[in-house]
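Notes to accompany the following structure.
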Amino acid sequence: MTFRKLLVVSCLLGAVAGCGNYSNEDLEFMAALPEKPELSAEVPTRSALMLGETAEYYRLTRNVSLIFNGITEAFLGLIDTIRALPPTTRQPNRRIWGPVPAKQEGWMVRMVMDRAGTTFTYDLEFQPVSDPGGWLRLIHGTYAVTSGVRHGVGQIGIDTKPLRAAGADPGLGFLDYLTVDYTTSSFPIDVKLTFANFDNPLKPSDPKAGHYEYAVQSNGQGALSYDFFNDSIPGPVLDELLVTSRWLGTGEGRADLQVVSGDAFVGAEATECWDRSFRAVYIDKPWAPLERTGTPADCAAIPTL
Amino acid sequence: MRRSLTALALLAALLWGAARDACAQGLRRLAIVVGNDTGGGDTRPLLYARDDARKVYDILSRLGGVRAEDATLILDGTAQDLLSALGDMERRARDAGQHGERVALLVYFSGHAKDGALRLGKTQLPLEALKNRLAQAPADVRIGIFDSCRSGMLTRTKGARKAPAFEIESKGARDAKGMVILTSSASDEDSQESDLIGGSYFSHHLASGLLGGADRSGDGRVTLFEAYAYAYDRTVADTADSAAGAQHPTFSYDLAGNGDLVLTDVGGRREGLFFPRAAPSGVYYLVDGRGFVAAEVVKNPDAERRIALAPGRYRVKRRLADRLRVGEIEIGHGQLSTLDEGTLRDAPFADDPVKGARPELALTRWTLGLGGTYQAIFDAPARESLFPATGMLGIDAQLHNFFRRDWVWGFDLALGSAAGTVNLSTGGQVPFHFSEIAAGTSMLVEWPHARLTPFVGARLALLLMSRTFDDPQLPKQSFSTLSPGVVAGLKLSLFGDLGLVVRGRVHYLLYNVDENRSLGYWELASAVSYDL
């Protein structure tokens, strides 16, 4: 009998006493859990963008935002799977969801959430069915409500090592650890994400670590800073670039780059601006003078966040 | 009353010869038999008026010499139906008179009477008008038998004399002409029905008498006077200890000439049950297959009795001081069965074959309703952020008189929705859309009056409540519970079978998700009802 069927039968049997998940306090707990819209980077886009017509660093920024979103969605999916179920335990200042069977066969998963005033902490934990001795934590999060629903400051920490050591696949690729700090108290909303990966034998070029910072205003103006590794500057060494992209809600934007390491031009800075059609209007890359296009005056004025 | 009965018996004896002559001469008998359980909005429906009419109609047709074409049975008809049938019978009587036939016209009515009028459903027929019409009918003998409340007023009015005062003309052997009226109760009495006998006391005993129980003379013929005397004795005896008080049938006549009228010829039909002289004396109950008393027979010592029961299987019961004597007897077509005391056995009172009826089933009816309800939790915080006040549309069906008279078993279903907002303790608001399905069953007691019917009762509702949120990340929430409560209301009869119902409910609701909270809620509803 599935968990849901068990719940339905329990409801029928317990109809006299009342049954259901109709809870205001549940809402408070659930509102403290992070959601995809809160932790997603939104870079302006249009449908049917033509490759080659759009600015290089606009495309890069957008691609990085998709990676950023992919990372957050991976662990938020774990939380959402649990959150879709009604809590199995309701205690004062505590909710427990599960345990329910995890995707990983032979494992159970649960989420325990505690509350102290306006601060919530939560842990997503796994346990082997064959050895119900203790719970292994994958995700630990905190959230402090500051000014109402989905307005607060949160931290999320993911450490996959305990699960991997126990022989389980957390379902997060080659992620070693991840920390997320986010503030949704007021605009601009910002999210800082730092991660470290284990080696991917199939893709040795994948970054081993990374740091993203994303901020967005209510009008769609945003910024995304990220480390980027590629071979932008000709030479045998993979170059590390620190990119800060900023854009307006209408689409105009710019990317300011600094060479952190590489074959040459270490410390050099470059700039690319694009219009609301995402076409480059200004390009200034010291290592590619032939690509120079436009003047700085062609760049839209974008305030810093 | 005993004086009157003595006089009646004497009258019957004196006029006996003339009556037999009249019968022998081939008296044309016309009969209108009317039964109507309903009497309009200000009366409570009767249970057995139609059954009584059927019973009398059957006896008159089978034993009373009334030809099929000369008998009319009107069930649940109107005053116009009765007057129309009366007009038809008057025409037949006139035709018969022109052919030299003597004619007796009998009108039997079982139903409501109130405020000086017979009630036939929602129509009325003034008693005085009917009496005058009957008095002027072109028949030699007009007989009115009225089994209805306060029907005795018919025998108080001008033109008729009550039995205790009548005079006996013993001279001459003229055929009787005139009018006789029998009523089931006095002018200030109600006529009572019995669930055990499945009919009114008066009609039951009148029928038993006509079947042969009233044949005091033992000649196999039951005269009008014998039938009345028997019905009077048994009705008074049976109702003496009733809550409504003793019921006294009345008899009046306005006859010129002499002559009793033979109503049934029991001896002429060799079919029924014969009580031999040797059978123990006492009151015998002949119970039909439904558990109703088909006939009661007073068996006197050293006397024979013949009861013209219709063919069928009956159980026989005789009550002794400490036990019953019971048995079964089969009466075949054209067969006169003889009661053999040896076939009866002793039985405890608990095995009484007289089961009676579930009278409420006779009145069982459905009512459908359609209306709106407004529902609100008493507790303001819960009303604001948990279960918002809700308007609902609903249907209901009510089964009246199923368990017992004036008890109503109701079923209802209502759906509603509302908007609400959760005020979180951490600050902020979460708007939601609330919806509810309420299915209930209720047991009510109602007190029908003329147009208003108040009712109270208990209800058990299954509440299915849910809410969805504008925030797509918040899952749908639901709560179901059983909620007991009380109901009170008023039904106003409008026109036809339509009514307007105003109803209030107060319910208990145990909310136990976040914590155990006893919440109450109230409902106000109005609905249009339709009686099926």
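Quick note: the coordinates plus some simple rules give every number you see, no bench work behind them. Because the structure is a prediction, the values reported are computed rather than measured. Here Cβ is always computed from backbone atoms with ideal geometry, including for glycine, and neighbour counts include all displayed protein chains.
Rounded to the nearest Hz, the phi-derived 3J(HN,Hα) couplings of the stretch A:291-301 under the Karplus curve 6.51 cos²θ - 1.76 cosθ + 1.60 (θ = phi - 60°) are 7, 4, 9, x, 10, x, 5, 6, 7, 6, 6, where x marks glycine and proline.
Note on chain A: GNM, Cα springs under 10 Å; of A:Arg95, A:Arg46, A:Arg62, the largest mean-square fluctuation is that of A:Arg46. Radius of gyration over Kirkwood radius for the stretch A:158-305, both on Cα atoms: the Rg/Rh ratio is 1.04. A straight chain from A:Thr271 to A:Lys36 at 0.36 nm per residue would run longer than the Cα-Cα distance by 81.5 nm. For the pair the stretch B:47-107 and the stretch A:177-227, the centres of their Cα atoms are 102 angstrom apart. Label separation (B:Asp470 vs B:His433): 1.3 nm, computed from points 7 Å beyond Cα along the C-beta direction. A cut-off of 5 Å between modelled amide H atoms, ignoring neighbours fewer than 5 places along the same chain, links A:Ile139 with A:Leu124.
Its Cα centre serving as origin, chain B has a Cβ charge dipole (Lys and Arg +1, Asp and Glu -1) of approximately 1260 debye.
Looking at chain B, I'd like the Rg to Rh ratio, where Rg is from alpha-carbon atoms and Rh is Kirkwood's inverse mean 1/r. Walk me through the intermediate numbers first.
Details: Rg = 30.8 Å, Rh = 26.6 Å.
Taking Rg over the Kirkwood Rh, I get 1.15.
Annotation for B:Arg270 and B:Arg404: the two label points, set 7 Å from Cα along the Cα-Cβ direction, are 5.1 nm apart.
On the principal axes of its alpha-carbon atoms, the stretch B:355-514 has extents of 67, 36, 24 Å, going from largest to smallest. Calculated mean residue ellipticity, 222 nm, chain B: -5500 deg cm²/dmol, from DSSP H runs (n ≥ 4) at -39500 (n - 2.57) each, averaged per residue and rounded to 500. Placing +1 on the Cβ of every Lys and Arg and -1 on the Cβ of every Asp and Glu, with no other charges, gives chain A a dipole of roughly 1140 debye about its Cα centre.
Extension gain, B:Ser187 to B:Arg323, is 45.1 nm, computed as 0.36 nm per intervening residue step minus the present C-alpha separation.
The phi torsions of the stretch B:477-485, fed into the Karplus equation with coefficients 6.51, -1.76 and 1.60 and a -60° offset, translate into couplings of 10, 9, 8, 10, 7, 9, 10, x, x Hz, rounded to whole numbers, with Gly and Pro shown as x.
Scaling against 2.2 N^0.38 Å puts the C-alpha radius of gyration of the stretch B:204-285 at 1.23. With no solvent and one point on each alpha carbon, what is the Debye value of log10 I(q)/I(0) for chain A at q = 0.08, 0.10, 0.15 Å⁻¹? These q points yield log10 I(q)/I(0) values of -0.46, -0.68, -1.18. Between the amide H of B:Ser191 and those of B:Cys149, B:Arg150, distances stay under 5 Å, these residues lying 5 or more places away or on another chain, with hydrogens modeled in the peptide plane. Just how far, in whole angstrom, is the stretch A:130-155 from the stretch B:302-324 if you go by their alpha carbon centroids? Value for the Cα centre distance between the two parts: 89 Å. Per-residue Karplus couplings for the stretch A:142-152, computed as 6.51 cos²θ - 1.76 cosθ + 1.60 with θ equal to phi - 60°, are listed in order as 9, 8, 10, 6, 10, 8, x, 4, 6, 10, x Hz, Gly and Pro entered as x. With a simple spin-label model that places each label point 7 Å from the Cα along the Cα-to-Cβ direction, the separation between A:Ser205 and B:Asn300 comes to 12.9 nm.
Just so you know, the Rg over Rh for the stretch B:455-532 is 1.15, from Cα atoms, with Rh as the Kirkwood radius.
Rg then Dmax, both in Å and based on the Cα atoms of the stretch A:92-178: 14.2, 44.
Distance from the Cα centroid of the stretch B:424-461 to that of the stretch B:212-254 is 54 Å (rounded to whole angstrom).
Residues whose amide H comes within less than 5 Å of that of B:Val422, counting only those at least five positions distant or on another chain, are B:Val430, B:Phe432 (H built at 1.01 Å from N in the peptide plane).
Just the number, please: Stokes-Einstein D of the stretch B:55-107 in µm²/s, Kirkwood Rh from C-alpha pairs, 25 °C, 0.890 mPa s. All intermediate terms of the calculation are to be shown ahead of the outcome.
Numbers: Rh = 12.0 Å.
Translational diffusion coefficient: 205 µm²/s.
Pairwise alpha-carbon distances in the protein assembly as shown exceed 34 Å for 68% of all pairs.
How high is the FRET efficiency from A:Leu305 to B:Val456, r the C-beta distance, R0 56 Å, rounded to 0.05? Approximately 0.25, to the nearest 0.05.
Subtracting the Cα-Cα distance of B:Glu341 and B:Tyr508 from 0.36 nm times their residue separation leaves 53.9 nm of extension gain. Given +1 at the Cβ of Lys and Arg, -1 at the Cβ of Asp and Glu and no other charges, the dipole of the stretch A:44-171 around its Cα centre is 380 debye to the nearest 20.
Volume per residue of the convex hull around the Cα atoms, evaluated for the stretch B:415-497, comes out as 141 Å³.
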